[in-house]
Structures are given as C-alpha cells and as structure tokens.
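Shown next, in structure tokens, is the structure this report addresses.
Each value in this text was obtained by applying a stated rule to the coordinates, not by laboratory testing. This structure is a prediction, so every number in the text was calculated from the model and none was measured. Positions of Cβ are generated from backbone atoms using ideal geometry, with glycine treated the same way; all protein chains shown enter the neighbour counts.
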Amino acid sequence: MKKIAAVTLLFWIMKICATTLGETAGDQLAQTMKVGYGASSLMLLGFFAVLLLGQLAVSRYIPALYWATILATSTAGTTLSDYMDRTLELGYATGSLILVSLLVLVLGLWWLREKSLSVTEIKTRTGEIFYWAAILVSNTLGTALGDFLADDSGLGFGGGALLIGSLLAVLVLAYYFTRISRVLLFWVAFVLTRPFGATFGDLLTKPTSKQGLGFGTQGASLILFGLLVVLVLYETLRRPATADPRTLL
C-alpha cells in the first residue's frame, strides 16, 4: 500500500516534531486545561479512531492525513502513559515494562499474520492496522521511557534528550556501517524518537527553575504546530499526487 510516508530524513524530522508536539499538546489538555489524564485519553483515542478510519479509507499517501494520524497517536500516547504512571500509580518503570511487553505482542502477532514487519512491504488491510497499532503502542511506550529518564533516572530533561539523541546517532551509524536488520533498526529508532520528543518537549515547556526553557505547554505547542504545518505543506507540494512517495527523496 502506497499510503504511508517514505522513510527518509524528512520522515524522521517530521516524526520527532510530531511526537514532541504530542507531548506538549497532551500536557496542555490534561494538565494545563485540567481535563485529566483519563478523560483526555478517551477524547484523544476517539480523535485517533476518526483519523484512522480516514487513513484506512484513502487509496494513496496524503501527508496532512497521515501526519495528523501520527500526531494523534503521539498525543493519545502521552495521556495514556501519564494515566498509567500517575493516575493508576504504576510508576514509570512498571508502565514502561508493560508497554514494552504490549509492543512485543503487537509486533509478534503482526509477524505471525503477515510474515514481515517491514513498513515498505505492507500489502493488506490487516498489515496496515497492525502498523498503526504498533505506532500507537510505541508512542505510548516512548512517553513512559522519556518520563522515566527525565524524572526517575536523575538525568533531567536535557540529560535525557542528550542520551536518547546519542542512542539515535548510534543507530544511524549502525544503519550505514553494519548489516543489522533494517526492520529492527527502524522500530528501535521509532520507539526512541518518542522519548526524545518527550524529553525535548519537557525541556521546552518546563520553567527555567526546573532546567527547562520556560515556553509553557501552550507556547511550545504553538511553535511545534507551526513547524509541523510548514513541513506537511512542503511534503504535499513537492510531490505529484500520483507519485509513489518511496521513489522521491
């Protein structure tokens, strides 16, 4: 199915931007607007379900729809993770272990059904549904990991972002200089870009007294939203509607 974004450098830039926005927007709804983690999760999951139905219905890659769906998984993942870790009081470590297990389960079922986890070889509706399920779980997991690094590990927001950024750099080197499975590297990178976005989002929103930059959830969300809109417009205008996105860099 030629309905998902090609995995290029632009893909990873937009993914980090979307996941960082998901962190700040989720916090804006649940914390700043005081909607609460449970109610926010239900609202955002409903929003994701609507976008997913649209994504499943189309027959080609539409950047605005695709990245809106990615953003919905990231925003819902933020509040879901916080609901598990804070409302249910499972803690970041326990929540992360549960979500790691769930992600392994989703990927395992996907492989058993489709015999491939490659995002460039999705050819069935079932594979597409597994793809989005894995994205939702991985973005929820990434939030828990990011919060664990920022709050429980002692690294702080900047230290957590630096650690995850270093790990992502190692993955880039592994991609170019080793023969490690590209599918494995993709999913590890996909998971890690979420806590990078989470820690970077916290760095943007938290006050300077807590080692943040002090933009607040609203200010950071507006900045990131504007950046993502610009990137989506660029992605839309640079390719013909009938082109296969995998053939364009």
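Could the peptides 93-103, 110-120 be put in order, highest first, of the mean number of other beta-carbon atoms found within 10 Å of their residues?
The packing order, highest mean first, is 93-103, 110-120.
Restricting to lysines 8 or more places apart or on different chains, can you count the pairs in the chain with Cα atoms under 25 Å from each other?
Lysine pair count for the chain: 11.
With the cut-off at 1.5 for a/c, could you classify segment 103-195 from its C-alpha gyration tensor as rounded, prolate or oblate?
Taking the square roots of the gyration eigenvalues as a ≥ b ≥ c, segment 103-195 is oblate.
Taking θ = phi - 60°, what integer Hz values does the Karplus form 6.51 cos²θ - 1.76 cosθ + 1.60 yield along segment 180-191, in sequence order, with x for Gly and Pro?
Going residue by residue, I get 4, 3, 5, 5, 4, 4, 4, 6, 5, 5, 4, 5 Hz, with x marking Gly and Pro.
Mind telling me which of VAL137, VAL191, VAL232 comes out most flexible in a GNM of the chain, alpha-carbon contacts under 10 Å?
Residue with maximal mean-square fluctuation among VAL137, VAL191, VAL232: VAL232.
For the residue pair TRP111 and LEU97, what label-to-label distance in nm results when each label sits 7 Å from Cα along the Cα-to-beta-carbon direction?
Once both label points are built, they end up 2.3 nm from each other.
Using a/c under 1.5 as the rounded threshold, could you call segment 58-121 rounded, prolate or oblate? The axes a ≥ b ≥ c are square roots of the C-alpha gyration tensor eigenvalues, and prolate needs a/b larger than b/c, oblate otherwise.
oblate
For the pair ILE180/ALA64, report the inter-label distance in nm, with labels modelled 7 Å from Cα in the Cβ direction.
3.8 nm
Taking a ≥ b ≥ c as the square roots of the Cα gyration tensor eigenvalues, with a/c under 1.5 meaning rounded and otherwise prolate when a/b beats b/c, else oblate, which class fits segment 1-150?
Since a/c reaches 1.5 and a/b is larger than b/c, the shape of segment 1-150 is classed as prolate.
Counting only helical runs of four or more DSSP H residues, what would the 222 nm mean residue ellipticity of the chain come to if each run contributes -39,500 (n - 2.57) and the total is spread over all its residues?
Result for the chain: -24500 deg cm²/dmol, rounded to the nearest 500.
Given the Cα-Cα distance of ARG125 and LEU173 and 0.36 nm per residue of separation, how much length would full extension add, in nm?
Full-extension gain reported as 13.9 nm.
Cut-off 10 angstrom, C-alpha nodes, Gaussian network model of the chain. Which of ILE13, ILE122, ILE135 fluctuates the most?
In the Gaussian network model the winner is ILE13.
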